[in-house]
1. Once Rh for the range 45-138 is found with the Kirkwood sum over Cα pairs, what is the Stokes-Einstein diffusion coefficient at 10 °C and 1.306 mPa s, in µm²/s?
2. Quick one: of Lys110/Lys162; Lys108/Lys163; Lys244/Lys297; Lys225/Lys247, which pairs are farther than 24 Å apart, Cα to Cα?
3. I need Asp228, Asp17 ordered by Cβ neighbour count within 10 Å, fewest first.
4. Within the range 10-105, list the GluC sites (Glu not before Pro) lying in a DSSP loop whose Cβ has at most 16 other Cβ atoms in a 10 Å radius.
5. Using a 10 Å cut-off around each Cβ, can you sort Val149, Val125, Val190 from fewest to most neighbouring Cβ atoms?
6. For each of His75, His19, His55, count neighbouring Cβ atoms within 10 Å of the residue's Cβ, then give the residues from fewest to most.
7. Compute the relative contact order of the range 2-162 as a whole-number percentage, counting only Cα pairs closer than 8 Å that sit 6 or more residues apart in sequence.
Amino acid sequence: MAEHGISTGQRVAVVWDSHSSPEALQSLVQNIQAIVGAEGCVSVENLDQLLRSSHNESSFDVVLSGLVPGSSTVHSAEILAEIARIAKPGGRILLREVVTTGTDNNSKLKTVTKLPAALTLSGLVEVKEVQKDLLTAEQMQSVKEQLGVQCNELLSVQMEGKKPNFEVGSSSQLRLSFVKKPASSEKLTVDPTAAKLWTLSANDMNDEDTDLLDSDELLDPEDLKKPDPASLKAPSCKESGKRKACKNCTCGLAEELEKEKKSLQPKSACGNCYLGDAFRCASCPYRGMPAFKPGEKILLNENNLHDA
């Protein structure tokens, strides 16, 4: 067991499948038990029952899977995650799996490149290939029958990996460096020359060398004049032709256009325009229009206004 790196006093888990013979499994377990001694422990678990086992997390120093002679173990993602869970932080995982060198994505077997990636995704680190063997014609035929595959490009690869030196879900306090605050007794030193430039005391108000400015003197006579509203209008507002005020007009154009609109609306001289044509005079601009309510806004076209 020297090639597996097992030493005295360790807890070892042996995962086997139904394709391996009981004699080969018993021989492997006896060899491991002889190395770990009475202080160690060897636990044997069937691959199909591993996910239903009651092993606590971080229970084993070494986990061996698929190393029993005659095994045709295919490790799923769930099996690899369970193996990583029951291994101790820093524990070693050794497994053997039959892989294919082809590129058939429909095959049940992993490729040579996907096997290390699967171990890494399960949470293992320092994943490396230990041994790679070609299968004999008899072994290849046995694997095809056991796994139900028709691939002829098969290899037996032994991989090794380690669980990180921390448990999944563990936490650790981070050490952050902050700028050391000065003690309360320590005072910041200020350059007296620089402090004097920004200091103004009551005595300086009567100092003849201190120049004080009156805020009113900063304004010229032109600044005090009320600006002409026409000068505040935008250049587009001064253009001749059809004018339109901005949405948020502040130059007075909106009020000016509103006054012009009201001035175009004729005023009734008799006060009976709203009653209808029977009560309207001959020059009434509302002639020909139906009666309306008093105060109701009636829009007249330009022809009626010119006729009026």
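1. Reported coefficient: 111 µm²/s.
2. Lys108/Lys163; Lys225/Lys247
3. Listing Asp228, Asp17 from fewest to most nearby Cβ atoms yields Asp228, Asp17.
4. Filter output for the range 10-105: Glu39, Glu57.
5. Lowest to highest Cβ neighbour count: Val190, Val125, Val149.
6. Going from sparsest to densest Cβ surroundings: His55, His19, His75.
7. 22
Throughout, read-outs are computed from the coordinates displayed, never taken from laboratory work. Note that the structure is a prediction, hence the values are computed from the model and not measured. Cβ coordinates were reconstructed from backbone atoms using ideal geometry, including for glycine residues, and neighbour counts include every protein chain displayed.
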